[in-house]
Each structure stands twice: as structure tokens, then as C-alpha cells.
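First comes the structure, then the notes that go with it.
Each reported figure results from applying straightforward, stated rules to the coordinates on display, with no laboratory input. Everything numeric in this text was worked out from a predicted model, so none of it was measured. Note that each Cβ is placed from the backbone with ideal geometry, even for glycine, and that neighbours are counted across all protein chains shown.
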């Protein structure tokens, strides 16, 4: 290969490598920007949801139960479905929450398709109540703010995890098991990264690197008198 040809070939290879590096960098930056926007939107959505829940409390004297059941004990609706009016009011959204029919069970055909008419139905995060005998949400009865003797700022009210396998209107949430761990559908909830924690006072925190067990455990009860240590996600 002649020197000039070899030089041109090396220059072409060099520019090719630089071009690939630039493309990779652009794709990475774009992905980071999209992720940042998603996280900010999720933070804002959680704020709206907790405000809607407090508005429901103001109107009814208590928060909704995690599951609304019919006279036979069958699960009819999730708490997410019964705060749709409050959520629409506080978020000033044009989402079609009214497409959900509270006279029909959550899995009726019309209610299954109603999720497509508001953004929460395809939300990248699954927004879950924390349910347990001594948790913010009791499995069978309602809670009021007076029940939070540990303090609303020391009790996890909602938790949001990257999309899990259940629908927005499905009456499924995060359960505190006998070992004090969070589960969903009897499987351990993945809290290893990008987890949002919402305390009952409305504070929203994102734990990008997950939540240590020693931090999470005292925050799962409303009245155990646990000491909540300093932790910054």
C-alpha cells in the first residue's frame, strides 16, 4: 500500500471511530434526558395523587380502603379508581377518568379499556399503596390521619416501582408480609433501583440506588414507635 493511500485509509478509520463515538454519546445523552423527564413526571404525578388522597380524606373523614368490595366480598375497585374525581380536579388534567364505571367491577370489559383514556393507565411506574395490619393502609378498613401516631412524615404511604405486571385499576398493591418485607402478588417487590417513596405528609423521594432494609422497615408502620434514622436517597 502506497504511503498516501495508507494515510488516507488511516484518516478514514479515525473519522469513522470518532463518528461512532459521537453517535454513542448522542444516544446516551438522549436516553438520559428521556429518563430525567420520566422521573420528573412521575414525581409530579405522585404529588397529584397524594393531594387527591388528602382531598378524599377531607371530604370523607378518612382515606379510601385499598380495595372496595361488593356484598359478597369480591374485589370491585382499587383505591386508584375511587379518587378519579379528586385526581382530575387537582391535576387539572383532560384525561378521561369518567370512562371508568364504578357500577361495574374493575375487570369488566369497559373498565379494562378505560385505562387507555388516561396517562396513568400506561404509566411507566406502578403506583402502589403500602398495605398491612400496621401499615398506612389496612387490608380491610379505612385509615384516618389520627391513626398515624408515628407521624405522617415517618410513614410510607405510597411506593412507585418500575412497571410491574398489574393494571392501573386492578386492586393489587404492595403488601407487608410477616417478615416485614414488601411483596406484590406474593413475590418480593424489587426495590433495587429507581424507587419512589411517598410519605403520608406528601413528601416524595426517589431512591435511585434502592432502599436499604434498615431504612425501609421503620417506615412501614404507623404506630410502632420505631426510630427512623437519617437517610438521604
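For a modelled paramagnetic label at residue 58, 7 Å from Cα along Cα-to-Cβ, the residues of region 138-181 in reach, with backbone nitrogen under 16 Å, are 145. Evaluated at q = 0.14, 0.15, 0.17 Å⁻¹, a Debye calculation over the C-alpha positions of region 170-220 (equal weights, vacuum) places log10 I(q)/I(0) at -0.37, -0.43, -0.55. Normalised size of region 38-219, defined as Cα radius of gyration per 2.2 N^0.38 Å with N residues, equals 0.97. Legend: calculated FRET efficiency, residue 190 to residue 71, from the Cβ-Cβ distance at R0 = 41 Å, rounded to 0.05, equals 0.70.
Can I get the semi-axes of region 36-81's equivalent ellipsoid? Compute them from the C-alpha gyration tensor as square roots of 5 times the eigenvalues, in angstrom, largest first. Numbers along the way, then the final one.
Numbers: eigenvalues 144, 46, 5 Å².
They are 27, 15, 5 Å, listed largest first.
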